[in-house]
1. What is the extension gain from residue A:257 to residue A:111, computed as 0.36 nm multiplied by their sequence separation minus the C-alpha to C-alpha distance, in nm to one decimal?
2. Just to be sure I follow the definition: excluding the sites themselves, where is the longest run in chain B that has none of the chymotrypsin sites (Phe, Trp or Tyr not before Pro) in a DSSP loop with at most 11 other Cβ atoms within 10 Å?
3. Say R0 is 30 Å: what FRET efficiency, to the nearest 0.05, do residue B:131 and residue B:82 get from their beta-carbon distance?
4. Place a point 7 Å from Cα of residue B:39 in the direction of its Cβ. Which residues in the range B:108-134 have their backbone N less than 13 Å from it?
5. Cβ under 10 Å from residue B:166's Cβ, residue B:166 left aside: what net charge do those residues give with Lys, Arg +1 and Asp, Glu -1?
6. Where does the charge balance sit around residue A:4 when Lys and Arg score +1, Asp and Glu -1, over other residues with C-beta under 10 Å from its C-beta?
7. Could you order A:96, B:258 by accessible surface area, starting with the largest, using a probe radius of 1.4 Å?
8. Using only DSSP helix segments of four residues or longer, with each worth -39500 (n - 2.57), what per-residue ellipticity at 222 nm results for chain B after dividing by its residue count and rounding to 500?
Amino acid sequence: MFEARLEESAVLKKILDSVRDLVQEANWDCNDDGIVMQSMDSSHISLVCFMVRASSFEVYQCERNVSLGVKIDSLAKVLKCAASDDSVTLKADENEPNTMDILFESKKNDRISDFQLKLMVIDQEMLGIPESDYTSTVEMSSAEFRRIMGDLSTMGDSVTIEINKGGASFSTKGDIGSGNICLQKSASVDKPKDGVKITMVEPVKSTFSLKFLNIFAKAAALSDTVVLSMSEEYPIRIEFAIDKDVGYVRYYLAPKIEGQES
Amino acid sequence: MLGGSVGRSYDNDGDWIVVDGYSMALSGPCVVGIDEAGRGPVLGPMVYGAAVCEVDKQDRLRDLGCDDSKAMSEQDREAVRDRLRDSSLVQAYTKVLQAEELSRCMLRKRPYNLNAISHDTAAGLVREILKDGIEIEHLYVDTVGIPERYEIWLRKAFPAIKAITVAKKADSTYAIVGAASIFAKTLRDHILRFWDTPDLHPELRGNYGSGYPGDPATISWLKRAVDPHFGFPGLVRFSWSTSKNLLDATGAVQVEFEEEDSEANQSNILNHFKRKTGKEQLPKYFLDRRLCEDSNFL
């Protein structure tokens, strides 16, 4: 039997919210390390994956690796029935994962809800993501990242992100005009999360779709900070670490091809 | 293709200008008249004509019957045109603006309206005449829009021409403009009457009427030609309200054009990350039984 118990359902709710705009259904691969999901969006432009580490569960039991075919929207509906501070337990039969049992318990232990969710057989291709060394990274407040993406989409459809010695700049161009937001390295003593950390081995510049970046930015609910990692002509990686080493949600977005800027 | 004695036709920046009576040798200063035919109709081209005649011979034009082409019957018009050709008095430049081109100009994002098209076409003809080495003593133009403004615009464009007159009904006032109108009108009528392009169903060939919305023959042709999916053939000016209304009345299919694909130059994540192969892709049967591929098997 596979069993995993989380102290608060809120984390799982936020994870679902961060993937549901991109993915309708996906396999949740459960093994000794924890639960991992990886999926491309239907247009194959972006890829999202999350991991919740085994250590972050109150109870985690996985005798055999199992893939749970989850319809994201359905699971989100079930989770709506839980209060944010309810604990949540996921259970499934490792040999025949046809359904998933979802159990909510209130803090006072005076309410127990039990749902069964039908699982699906999903024929899904897994991609190998190289643990590549990115040439430049920016770590910044996730709220600030969300704001920049929102602000730039009032002007254009895509954003050019450039990291160089001067800092990190985000610029866009649209029918009504253009805009540029530039961030410089800064350390905020009182609130470390508000600082901007930039590491740069080589300057890098790529253009990405704002439509996707705005979807990703919603994951700011999961984490105070976000790390953007870039290399030339390579997908950008946008990582939101979930608090207290629980795990992460990572997005990868393929760049736009240079030249035919319309 | 046009019948009669077309002296020369050539391409000027992708546009055809036909010159009638090119072989005649004009000497000395000339008068030039410009008029158009087919501004109003829903079918067929608009034709611009410019007539050139030596100053001291222009009095003879009236005797040959040059007048407002609209006031004449079709036969009379053609007779006058033939007489003009035989007389070797007039050299005529004509430019055809096809219906498709007019529709395209008027319906484009930043519309190029019919008056601007007319002004630019007239100026183009004048430039062509000057290029042929003809000395223009006086230019007479039948107006499009406000005559005073049009005249100032032309003066600015052609400071070398001594006299420019832009007037309403210039085709009946000045014989040289009348001559231009006859060349333009007869050419337009000819083109419409013998119109036959591959986009026309055989049953639709001919019987176009005059091409004006007031002509019952034209309206009945339009009603036969309209298709709920393809609209009209290229002969029809799509930008005219007559054709628009008829499309709506036919219940033509409404098309919503999707926003231009902003992801056209978007690369794919699969260009960067490869599909995993090997053990993880083995069917469930093998995984359950902990079976794996062994290349040394054979």
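The values are calculated or read from the model by the stated rules, or taken from the named source; none is laboratory data. Every value quoted in this text rests on a predicted model; they were computed, and no experiment measured them. Please note: Cβ atoms are built from the backbone with ideal geometry, for glycine as well, and neighbour counts cover all protein chains shown. Keep in mind that these areas ignore ligands, DNA and RNA; they rest on the heavy atoms of the full protein, side chains included. Shrake-Rupley method; radii C 1.70, N 1.55, O 1.52, S 1.80 Å.
1. Details: separation 146, 0.36 × 146 = 52.56 nm, distance 5.40 nm.
Using 0.36 nm per residue and subtracting the Cα-Cα distance, I get 47.2 nm.
2. On the way: sites that count: B:230, B:257, B:297.
The answer is B:1-229.
3. The calculated FRET efficiency here is 0.60.
4. Residues B:114-122 fall inside that zone.
5. Computed value for this residue: 0.
6. Numbers: positive: A:5, A:91; negative: A:3, A:58.
After counting each charged neighbour, the total is 0.
7. Values: A:96 120, B:258 170 Å².
Reading off the accessible areas and sorting them downward yields B:258, A:96.
8. Values: 10 runs with 106 residues, N = 298.
It lands at -10500 deg cm²/dmol.
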